[in-house]
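The values are calculated or read from the model by the stated rules, or taken from the named source; none is laboratory data. None of these values were measured; they are calculated from a predicted model. FYI the Cβ positions are ideal-geometry reconstructions off the backbone, even for glycines, and counts take in every protein chain you see. Surface areas here come from the heavy atoms of the whole protein model, side chains and all, with no ligands, DNA or RNA. Shrake-Rupley method; radii C 1.70, N 1.55, O 1.52, S 1.80 Å.
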Amino acid sequence: MSESNQEYIVISGARENNLKNVSLRIPKRKISIFTGVSGSGKSSIVFDTIAAESTRLLNENFTMFVRTFLPKYPQPDTDAIENLSMAVIVDQKRLGGGSHSTMGTITDIAPIVRLLFSRVGQPHVGTANMFSFNDPQGMCLECNGIGRNLGVDMDKAVDMSKSLNEGALMLPDYSVGGFEFNMLMESGSYDLDMKLSDYPADVLEQLLYGKARKVEVLFGGKTINVTVEGVIEKFTNKYIKRDVKTMSERTQRAVTPYITEGPCTSCHGARLSQAALNCRINGYNIADFSAMEVGQLIRVAREINDPIAAPIIKSLTERLQHLVDNGLEYLTLDRETDTLSGGESQRVKMVKHLSGSLVDVTYIFDEPSVGLHPRDVHRLNELLQKLRDKGNTVIVVEHDPDVIKAADHIVDVGPHAGSRGGTIVYEGSYQGLLESGTLTGSFMKRPLQLKQDCRPPSGKLAVQHATLHNLREVSVDIPTGILTVVTGVAGSGKSTLINDIFLQQHPDAIVIDQSAVGVSTRSNPATYTGIMDDVRKAFASANKVNQGLFSFNSKGACENCQGLGVVYTDIAFLDSVKLPCEVCGGKRFKEEVLAYKLNGKSIADVLEMTVEQALEFFTLKEVGRKLQAMNDVGLNYITLGQPLSTLSGGECQRIKLASELHKNGSIYVMDEPTTGLHMSDIGQLLGIMNRLVDAGNTVIVIEHNLDVISQADWIIDMGPDGGSRGGQVVFEGTPTQIAQAEQSITGKYLK
Ligand code: ADP
Ligand code: ADP
Ligand code: ZN
Ligand code: ZN
């Protein structure tokens, strides 16, 4: 190896998936961007070759003894990879973790805040553990640190507008004149004919919340001793404080309608013990710190003047600043991580790495610009540069022109998708890319065109006084029968308005998002779109056998892998590992089934066809229509049998779109459908949206992509900023109108 090659990761003869013997050098300690149309082979190089080899090498570090327990990571199909350092993948997989995982815990900022309170909070209470809702010493004992608990649904339990005789008590045990009812009435002086809303406060309190006490009541002519308690108090003790599972199913069914989950009645959602909540710094308690937007928290932290706390405050503000730099200043530390979007999750992960001290790592990012408004892309660039300047190699799969512009080195993969891609069409500087004549190069030079002939709406759907999350009394008309783009900086309230409010009112809308598709590990594009049913029938009738033979879960399937083609090995402390089935070699069916042919092809051959190849092969009308839909959404390079679990978020979204394309008169809602799409793919996506509109549908798209925004019939711009500084509609109108609107940030970028 030559001396200068030490400065590069050198890949020779890569052949994973569609790669055609690709060789390339990636400069170390620089930012390299991989771009190219979707399906061209970017992931095959970056994830299936570079990241896979790094994982395998890491594995080789274990002793021989340990390795006998580990799966054999197959070597990527490549001649050689040299100078690779440890790779860390920062992807958009959602951060799960349940209610105990919050922004504060995942970023390791929560322990610093606890330490701060234990040192300078007043009154002084004790150790940092006292401030942890994950610690028995600190958690609220009413809700076990969850912040929510079960309670009685008061609207269903009592009707304040009625008197007791009219049936004001609606809980199951209190029918008028029944045993419980009579006991309670005997125990106090209740006016049976007065509306509950007219009751004196103390009497009402006694009726509903009175603690258990022994009283003598007259019953059937005799005086007896009974214990009575308020209606709500009794229901709570009898049904809510006990484990529901110990009750009969009938009882469970009878009482559940009256039980609801709400903020904990003791800590009001703060999750902490009273002692912890009483401790304050400059008037704020730890729950106030956690509920404050990061941008404000930084200011509050800087105002703490205490020499003991100086080092703690320094490390706190440093980490908070990383969140701000990452465009996350509108989030709060108490935000549960499973409510973050994919783009937000990725940015949070990035913060963890920035705070870490690893050097000479190869960081791999998958489309980090997702969810970012053009205004904030420069911040992303600065973060990538910071990682680089710490001595790391940064590799980014990305389509955003502003990120591409800021790269040290650009690798353009193409020229097209699938078998028509798999080569490097350009490597080098940004200037060189512009002159290269590749698809990416020519699209980067193209000026933005604002749509002129915007369609008039056929009607409108009104959203009124929406107040969820950061929305402040938002009222806006969503036009029907046209293409509407909802835009605005991250955290401005787009998803809250559309996904939480609008879709709540219109549950019949067709939602095309990036969440995973596929119900089982056997799902693939053929089963998902229904093509597989027609294919099975065609094989059955051509061979005069039962169509069940050609199903993955029939006796025709390979018994070793149950039709999966791969075998999963679970190892205690690693992700489960997938290896090709040794019996069928990945073909999924038994030998005798593979012998049945349709026009010379076996069922396994058909599943290996790309959509494009299948379009040529099949003459069946119904199959053709479904394949054409896949082709139209830009998925012609995908094979019919590719497990849905291997599809990216963007591909999942497009396959959903393909199977929903034939409706009309519907409302379609799409969340960043350009994810994973190259600039040259977007024209096709716009074509589909326009076709849906022309067929009489309403299309609503949440997007930051300027090519899509510029082609909208109508734009709703949220803002002006994220979090508490957002939550308003700052502009409604056509692309040419928004480009002239002073108050709109989006407008500036369209100009
Ligand atoms: P990009 O990242 O540029 O969108 P990919 O590297 O994901 O492209 O895909 C390149 C080609 O390899 C495509 O034809 C794709 O269908 C195929 N491919 C990718 N992953 C797999 C897989 N796990 N199994 C089979 N084919 C795959
Ligand atoms: P956008 O879609 O424009 O990025 P969102 O609607 O996701 O914005 O967020 C708007 C505001 O609401 C932000 O301050 C965000 O932190 C907050 N928010 C969003 N989802 C939740 C949630 N599940 N719980 C609490 N706050 C949320
Ligand atoms: Zn509580
Ligand atoms: Zn098998």
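Residues that are out of contact with any helix residue (DSSP H, G or I) (no Cβ under 6 Å at 6 or more places or on another chain) and more than 14 Å from Leu598 (Cβ to Cβ) within region 617-629 comprise Lys621, Gly624, Arg625, Gln628, listed in sequence order. How about region 449-487: which of its residues are part of a loop (DSSP other than H, G, I, E, B), open to solvent by 20 Å² or more (accessible area, probe 1.4 Å), closer than 20 Å to Gly723 by Cα and not β-branched (Val, Ile, Thr)? Correct list: Leu468, His469, Asn470, Arg472, Glu473. Yes or no: Ser520 small (Gly, Ala, Ser), more than 18 Å from Thr698 (Cα to Cα) and within 16 Å of ligand 2 (Cβ to nearest atom)? No: the conditions fail for Ser520. Selection of region 139-149 for residues being surrounded by fewer than 20 Cβ atoms within 10 Å (Cβ to Cβ) and within 16 Å of ligand 2 (Cβ to nearest atom) yields Ile146, Arg148. Residues that are surrounded by 15 or more Cβ atoms within 10 Å (Cβ to Cβ) and at pLDDT 90 or above: which strands (runs of 3 or more DSSP E) entirely in region 504-595 hold 3 or more of them? So the answer is 510-512. The number of residues in region 255-271 that are within 8 Å of ligand 3 (Cβ to nearest atom) and either on the phi > 0 side of the Ramachandran plot or open to solvent by less than 30 Å² (accessible area, probe 1.4 Å) (or both) comes to 6. Applying the selection to region 630-657, what residues are open to solvent by 10 Å² or more (accessible area, probe 1.4 Å) and among the small types (Gly, Ala, Ser)? Result: Gly634, Ser645, Ser648, Gly649.
Of the candidates Val152, Val120, Val125, Val113, the single residue that is surrounded by fewer than 18 Cβ atoms within 10 Å (Cβ to Cβ), touching a residue at least 40 places away in the same chain (Cβ under 8 Å), away from ligand 4 (no atom under 16 Å from the Cβ) and closer than 27 Å to Arg271 by Cβ is Val125. When you scan region 607-615, do you find a residue that is at pLDDT 90 or above, more than 23 Å from Thr35 (Cα to Cα) and of a type in the set (D, E, K, R), even just one? Yes; the residues of region 607-615 include at least one that is at pLDDT 90 or above, more than 23 Å from Thr35 (Cα to Cα) and of a type in the set (D, E, K, R).
Among the residues of region 201-221, the ones that are open to solvent by 20 Å² or more (accessible area, probe 1.4 Å) and closer than 24 Å to Gly151 by Cα come to 10 in all. For Arg29, the conditions (1) open to solvent by 20 Å² or more (accessible area, probe 1.4 Å); (2) in contact with a helix residue (DSSP H, G or I) (Cβ under 7 Å, 6 or more places away or on another chain); (3) more than 17 Å from Met86 (Cβ to Cβ) all hold with the exception of (3). Of the numbered conditions (1) over 30 Å from Glu293 (Cα atoms); (2) open to solvent by 10 Å² or more (accessible area, probe 1.4 Å), Ala741 fails exactly one; give the number of that condition. Of everything listed in (1) over 30 Å from Glu293 (Cα atoms); (2) open to solvent by 10 Å² or more (accessible area, probe 1.4 Å), Ala741 misses just condition (1).
Just to be sure, is Val300 outside any strand (DSSP E or B), of a type in the set (A, V, I, L, M, F, W, C), crowded, with 18+ Cβ neighbours inside 10 Å and in contact (Cβ under 8 Å) with a residue 12 or more places away in the chain? It is false that Val300 is outside any strand (DSSP E or B), of a type in the set (A, V, I, L, M, F, W, C), crowded, with 18+ Cβ neighbours inside 10 Å and in contact (Cβ under 8 Å) with a residue 12 or more places away in the chain.
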